[in-house]
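Written below as structure tokens is the structure these notes are about.
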Amino acid sequence: MDTVMSDPESDRRRLIEHLSANPERCPLCNYNLYGLTSDRCPECGKHLKLQVGLTEAFLKAWLVLVAPLLAGSGLGVFFWVLAPGGFPGAPDFLTNLAFHATIYYFMAMPLVAFFALFGRRRFLRLSKLIQWRVAMTAATLTAIAFLVFLGFVL
Ligand SMILES: [Zn+2]
């Protein structure tokens, strides 16, 4: 993946230079690495490297998308188990339609959750606005489906 080969010796020099000016802590044992002269943590002995990170919590929208999908998948699997026995019907057409639409929505959920889990990188490349729109739409639809389902069960 790297197009530029990194040189271990200059990586080490840059790390030591960074630590001579910045009070960083070891990500594993929290030892203060300020003024360190090697690329190993003196406390836990782990190898250290200088790395570029993102400044925002970039996974938030993805988690808002995935959490309701996984919760809905649980119910979906339950309906798949019940499916061979058929689902009870409701007396009037519209109630029947709403009830079955909700059941099929949850039954489709494991597949949707699968794509969301494995499409994480692709999702994160979308603009923040689109990410939040997709996540909020999934969360809202799933919340409505849960409420409709509860309305039938209770
Ligand atoms: Zn350490």
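Read-outs throughout are calculated quantities, based only on the coordinates presented, and are distinct from any laboratory measurement. Please read all numbers here as calculations on a predicted model, not as lab measurements. Neighbour counts are summed over all protein chains in view; Cβ atoms, including those assigned to glycine, are modelled from backbone coordinates with ideal geometry.
Footprinting exposure proxy ranking of Asp11, Asp92, fewest other C-beta atoms within 10 angstrom first, gives Asp92, Asp11. Kirkwood's formula applied to the C-alpha pairs of the chain gives a hydrodynamic radius of 19.9 angstrom. Residue by residue, segment 148-154 carries 3J(HN,Hα) couplings of 4, 4, 4, x, 7, 7, 7 Hz when phi is fed to the Karplus relation 6.51 cos²θ - 1.76 cosθ + 1.60 (θ = phi - 60°); x denotes Gly or Pro.
Could you work out [θ]222 nm for the chain from helices alone, using -39500 (n - 2.57) per DSSP H run of at least four and dividing by all its residues? Round to the nearest 500 deg cm²/dmol. Before the final figure, lay out each step's value.
Details: 5 runs with 95 residues, N = 154.
Mean residue ellipticity, 222 nm, calculated: -21000 deg cm²/dmol.
Using the Karplus curve 6.51 cos²θ - 1.76 cosθ + 1.60 with θ = phi - 60°, what ³J(HN,Hα) values do you get for each residue of segment 134-139, in whole Hz, with x for Gly and Pro? Computed from phi, the couplings for segment 134-139 are 4, 4, 5, 5, 4, 5 Hz. Taking the chain as a Gaussian network of alpha-carbon nodes connected by springs under 10 Å, the highest mean-square fluctuation of the residues Leu70, Leu129, Leu50 belongs to Leu50. Between 0 and 90 degrees, the angle of helix 93-118 with respect to the longest Cα principal axis of the chain falls at about 20 degrees. In a reduced charge model with +1 at each Lys and Arg Cβ and -1 at each Asp and Glu Cβ, the chain shows a dipole moment near 140 debye about its Cα centre.
In order along segment 22-35, the Karplus-derived 3J(HN,Hα) couplings, from 6.51 cos²θ - 1.76 cosθ + 1.60 at θ = phi - 60°, round to 10, x, 8, 10, 5, x, 8, 10, 6, 5, 6, 9, 4, x Hz, and Gly and Pro are given as x.
Fewest Cβ neighbours within 10 Å first, please rank Arg25, Arg14, Arg121 accordingly.
Numbers: Arg25 12, Arg14 15, Arg121 8.
Ordered by Cβ neighbours within 10 Å, fewest first: Arg121, Arg25, Arg14.
For segment 1-140, what does the relative contact order come out to in percent, with C-alpha contacts under 8 Å and a separation of six or more? Walk me through the numbers on the way to the answer.
Details: 116 pairs, mean separation 32.2, N = 140.
Relative CO of segment 1-140 lands at 23 percent.
Taking amide hydrogens as placed 1.01 Å from N in the peptide plane, the amide H of Glu24 sits under 5 Å from those of Leu33, Tyr34, each at least 5 positions away in sequence or on another chain.
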